[in-house]
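Remarks on the structure that follows.
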């Protein structure tokens, strides 16, 4: 399968910079298919960077859930052990932790 790596890497940045918080949450950060594609095409540090960029850019009310998921991912899926897990459980964790 081929992935649009440019879209996967640049869309989160552009949604954050344009302050499109709802779209970022719905279509990127809490979207199982998006996360699955991003992890398949890139890496966990790239996904963590998207969450970090979002938590840094937005105010407290927009950060709900983002910091919690970011910290959970860093603890549950340490980057130094990337070869010991697959990205399906990672996507499932994000999906279950996503706020309603």
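Points to keep in mind about this one:
- Unmet requirement for residue 36, which otherwise passes all of (1) more than 11 Å from the chain's Cα centre (by Cα); (2) part of a helix (DSSP H, G or I): (1)
- Filtered residues of the stretch 15-33 (kept if in contact with a helix residue (DSSP H, G or I) (Cβ under 6 Å, 6 or more places away or on another chain) and either farther than 22 Å from residue 92 by Cα or in contact (Cβ under 8 Å) with a residue 24 or more places away in the chain (or both)): 15, 16, 21, 24, 32
- Candidates 12, 45: the one that is in contact (Cβ under 8 Å) with a residue 40 or more places away in the chain, assigned to a helix (DSSP H, G or I), farther than 18 Å from residue 92 by Cβ and in contact with a helix residue (DSSP H, G or I) (Cβ under 8 Å, 6 or more places away or on another chain) is 12.
Laboratory data are not the source of any read-out in this text; all were calculated from the coordinates shown. The model shown is predicted, which means the values in this text are computed figures rather than measured ones. All Cβ positions, glycine included, derive from the backbone under ideal geometry; neighbour counts span all protein chains shown.
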